[in-house]
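The values are calculated or read from the model by the stated rules, or taken from the named source; none is laboratory data. Quick caveat: nothing in here was measured; it's all calculated off a predicted structure. Virtual Cβ from ideal backbone geometry, glycine too; neighbours counted across all protein chains shown.
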């Protein structure tokens, strides 16, 4: 399943599609080629979004419990207005002075520990992680990188080489070592910090100086491991003892999604050397960033300048500022905590009644539900895919994740309500019943 | 000068700035760090753009003869409207079916040779070149890359390693070889194709299999070499003979800027294996793409999928379609040819009268003017920087490029008119006179 961690992906020819959608699929294959994948056995043709709802070309509404980019809800008017207004006024880059990018940097840095004093702007989370690596290599003189066993950190050459979740078609770099994600449900014979120390030692004995430990702070692609929250501090200490830096990848957990904190690493009481962020940052507008300790930029900036044509442009800054304003104005972090807490409890109750479900993990509105063989309690990716596709037919959108593809990944826009959760649970129960 | 190819960059503390701008500079240094550079000895505080004009906070207008992102003119209403409309409707990704990305792929591919049958979408030109390399490595089994001596192909780790213009602070990869850009003004003892063949042979004797030759088809950062137009075909043949691919980097020359063709490589009568594009593609909206021979995607797609969260999203597609529509509706390629041709002739006439100016190169609205020591005819980066800063004081915006930083780079929005050119020439003459 690691071969392609999309157990629910569309396979051409596997199902009959209506003529319009069949035509779109054929055009996609002809135009975009085989590297592009569609969600679901019966792909969705989405034409409109509003709040937690996506609408297909026939006007059918789907409850979106998966898209974290539209974290404020699809097409939030405050962000749309900010983008339209700024795009009509100025859309230039960071080689002129502009208030927007500075206000954004100030606002972002105010949400982070004071040690993180600089912000740098990119367009995508991949670019932010790629830049973090360039800075880490420059600052440490090393190239060794430690990630978790099924990590995903992006699609540039530099970060794809440390993203084992992309499968064997994308080999890891020789400078990369992996450690198991800290899993509260498994008896582990080493602590996470000790595993990082061992990986750093293995790099060193191959003559590779450790540069960085980079971790998604909720371990999304490893299967969503939000707890325990005492694992990152010893891991950060271990990489620092080996001369490397700790990079928190907040592209998925960031911007309040975990409910308990603006950033996932804050739940662990640790201060990273760098923090990357992206996806929900512009609620759909392409904007991403890296926050870092100033001394890292000093060393990089002495030898290299950084210019990203669109990164930190005036419109990107306006979009991201509108997102920060709206998160605050609508109290979405607290909302995610409240709604997500009850939702998780309800999912746990359901799991206790259904032997096909296992651990329910998560924080705020980032949730993972294991799907297991009822007898062996082994991961059941096939059933997970049937549930994901069954929910799609029942008009509820989620996906599955983890190295075995057996963890249902539930990650709705933060405006997801108790009523949305009740709707989800009702459909989930129906799908589970139908799959008996 | 290669150390930092921005001869005209602001140096903190070098000039007195008004209080508001001094404050912005101080906040930038504190917030963004030293890797960020500002244009000009006296940085500009730009707050509004319209057509070829940029306006500072005091309302002063500057003739923009440099920003090629806003190729249709700053804040073109057709693109602003398309972005606002689509952002209000849907902004999701390519894992659902959507008409926009397919229409965009069809429209783009229709401007390219039929051999280039697939389009893949990213957010930045850096990401497009980075993806091109990943595809080239997968398709050839090699890792060797050939670029020109002062090439720039982007800021990700993968493409920064083959961008010598970033200076010695960013070392080239061990798998990279450079060739001199083809310069019609220099007597060269080897042809460009022979230089590529020699570089490929040098890779091979180091045990590195050649994967790609990647070239900006107007050699922007090498100093703008638009002629002769018979150099790319032998270079492409040479890399192919060595088992590698030819990638045309159209991020700067593309979308009609050269006047003679939609894409720079078309002027050379060669068909690349891949074509990357970016900057002006969304007239300010972050969108970029890679066009490629389908067989390359087959090999990559068999082992790896590609997903870029924002690449090819519905708003990006709407922005890029509006750009293609506007380029056509306003006849901007032909306009660039006409205005650019006369502008180049007028600059050549001025150069003939002023011993500080040398060759005037270019095609359409991509122009380079050499600045030379009057006696020795050696590159004069100091005078080039004085001209760039003098023009900025005279409210005309350009920059300088090339390994010696002595080539004035003139690259205005394509809506630049004869009257704008006349304004430019008048200011240019005044600045030259004042610097005598």
For the range A:230-249, which residues satisfy the criterion of being surrounded by fewer than 21 Cβ atoms within 10 Å (Cβ to Cβ), under 23 Å from the mean Cα position of the chain (by Cα) and not in a helix (DSSP H, G or I)?
-> A:230
Among B:266, B:213, B:203, which is within 29 Å of residue B:138 (Cα to Cα), part of a helix (DSSP H, G or I) and either under 24 Å from the mean Cα position of the chain (by Cα) or not assigned by TED's automatic domain parsing to the domain that holds residue B:111 (or both)?
-> B:266
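Going by the conditions given, is residue B:214 within 14 Å of chain A (Cβ to nearest Cβ), at pLDDT 95 or above and crowded, with 18+ Cβ neighbours inside 10 Å?
On the way: within 14 Å of chain A (Cβ to nearest Cβ): yes; at pLDDT 95 or above: yes; crowded, with 18+ Cβ neighbours inside 10 Å: yes.
Yes.
Assigned by TED's automatic domain parsing to the domain that holds residue B:45, modelled with pLDDT of 95 or more and over 16 Å from the mean Cα position of the chain (by Cα): is that true of residue B:62 in this structure?
Values: assigned by TED's automatic domain parsing to the domain that holds residue B:45: yes; modelled with pLDDT of 95 or more: yes; over 16 Å from the mean Cα position of the chain (by Cα): yes.
So residue B:62 passes the test.
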Identify, from the list B:45, B:98, B:93, the residue that is over 25 Å from residue B:418 (Cβ atoms), under 28 Å from the mean Cα position of the chain (by Cα) and not assigned by TED's automatic domain parsing to the domain that holds residue B:410.
-> B:93
Of the conditions (1) closer than 17 Å to residue A:432 by Cα; (2) crowded, with 23+ Cβ neighbours inside 10 Å, residue A:354 fails just one. Which one is it?
-> (2)
Out of (1) part of a loop (DSSP other than H, G, I, E, B); (2) out of contact with any strand residue (DSSP E or B) (no Cβ under 7 Å at 6 or more places or on another chain), the one residue A:116 does not meet is (2)
Kindly indicate whether any position in the range B:45-57 is buried (at least 18 other Cβ atoms within 10 Å of the Cβ), out of contact with any strand residue (DSSP E or B) (no Cβ under 7 Å at 6 or more places or on another chain), facing chain A (nearest Cβ under 10 Å) and within 24 Å of residue A:105 (Cα to Cα).
-> no
If you scan the range B:278-309, which residues turn out to be in contact (Cβ under 8 Å) with a residue 60 or more places away in the chain, part of a helix (DSSP H, G or I), touching a helix residue (DSSP H, G or I) at 6+ places or on another chain (Cβ under 6 Å) and more than 7 Å from every other protein chain (Cβ to nearest Cβ)?
-> B:282, B:296, B:299
With respect to residue B:275, is the statement that it is touching a residue at least 60 places away in the same chain (Cβ under 8 Å) and closer than 30 Å to residue B:81 by Cα true?
-> yes
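Would you call residue B:343 over 30 Å from residue B:431 (Cα atoms) and surrounded by 24 or more Cβ atoms within 10 Å (Cβ to Cβ)? Before you say what the answer is, go through the steps one by one.
Working: over 30 Å from residue B:431 (Cα atoms): no; surrounded by 24 or more Cβ atoms within 10 Å (Cβ to Cβ): yes.
Against the criterion (over 30 Å from residue B:431 (Cα atoms) and surrounded by 24 or more Cβ atoms within 10 Å (Cβ to Cβ)), residue B:343 does not qualify.
From B:48, B:95, grab the single residue that is within 18 Å of residue A:34 (Cα to Cα), modelled with pLDDT of 95 or more and out of contact with any helix residue (DSSP H, G or I) (no Cβ under 8 Å at 6 or more places or on another chain). Quick ask: steps written out before the conclusion?
Details: B:48 fails: within 18 Å of residue A:34 (Cα to Cα).
Testing whether each residue is within 18 Å of residue A:34 (Cα to Cα), modelled with pLDDT of 95 or more and out of contact with any helix residue (DSSP H, G or I) (no Cβ under 8 Å at 6 or more places or on another chain) leaves just B:95.
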Restricting attention to the range A:153-182, report how many residues are at the interface with chain B (Cβ under 10 Å from one of its Cβ atoms), part of a loop (DSSP other than H, G, I, E, B) and closer than 16 Å to residue A:248 by Cα.
-> 1
Meets criteria (outside any strand (DSSP E or B), away from chain A (no Cβ under 14 Å) and crowded, with 23+ Cβ neighbours inside 10 Å) for residue B:312 | no
Go through the range A:6-35 residue by residue and tally those that are part of a loop (DSSP other than H, G, I, E, B) and more than 10 Å from chain B (Cβ to nearest Cβ).
-> 9
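Looking only at residues in the range A:78-92 that are surrounded by fewer than 22 Cβ atoms within 10 Å (Cβ to Cβ) and more than 7 Å from chain B (Cβ to nearest Cβ), which one is nearest to residue A:308 (Cα to Cα)? Steps first, answer last, please.
Of all residues in the range A:78-92, those surrounded by fewer than 22 Cβ atoms within 10 Å (Cβ to Cβ) come to A:78, A:81, A:84-85, A:88-89.
Checking which are more than 7 Å from chain B (Cβ to nearest Cβ) leaves us with A:78, A:81, A:85.
Working: A:78: 26, A:81: 25, A:85: 22 Å.
This residue is A:85.
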How about the range B:98-134: which of its residues are within 9 Å of chain A (Cβ to nearest Cβ) and within 21 Å of residue B:211 (Cα to Cα)?
-> B:117, B:118, B:119, B:120, B:125, B:126, B:127, B:130, B:131, B:133, B:134
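Can you report the number of residues in the range B:58-80 which are assigned to a helix (DSSP H, G or I) and either touching a strand residue (DSSP E or B) at 6+ places or on another chain (Cβ under 7 Å) or within 20 Å of residue B:331 (Cβ to Cβ) (or both)?
3
Quick grid of which residues meet (1) farther than 25 Å from residue A:218 by Cα; (2) in the same structural domain as residue A:163 (by TED's automatic domain parsing); (3) modelled with pLDDT of 95 or more; (4) not in a loop (DSSP other than H, G, I, E, B):
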site: A:344; (1), (2), (3), (4): no, no, yes, yes
site: A:347; (1), (2), (3), (4): no, no, yes, yes
site: A:351; (1), (2), (3), (4): no, no, yes, yes
site: A:368; (1), (2), (3), (4): no, no, yes, yes
site: A:415; (1), (2), (3), (4): no, no, yes, no
site: A:419; (1), (2), (3), (4): yes, no, yes, yes
site: A:430; (1), (2), (3), (4): yes, no, yes, yes
Taking residue A:3 as meeting all but one of (1) at pLDDT 95 or above; (2) part of a helix (DSSP H, G or I), write down the number of the exception.
-> (1)
Selected residue (only one of B:73, B:158 is free of Cβ contacts under 8 Å to residues at least 60 places away in the same chain, more than 30 Å from residue A:56 (Cβ to Cβ) and surrounded by 22 or more Cβ atoms within 10 Å (Cβ to Cβ)) = B:158
Of residues in the range A:142-152 being within 13 Å of another protein chain (Cβ to nearest Cβ) and over 20 Å from residue A:237 (Cβ atoms), the one surrounded by the most Cβ atoms within 10 Å (Cβ to Cβ) = A:152
The lone exception for residue A:359 - which of (1) surrounded by fewer than 23 Cβ atoms within 10 Å (Cβ to Cβ); (2) not in a strand (DSSP E or B) it fails | (2)
Those residues of the range B:58-77 which are more than 7 Å from chain A (Cβ to nearest Cβ) and in contact with a helix residue (DSSP H, G or I) (Cβ under 7 Å, 6 or more places away or on another chain) amount to B:63, B:65, B:68, B:71, B:72, B:76
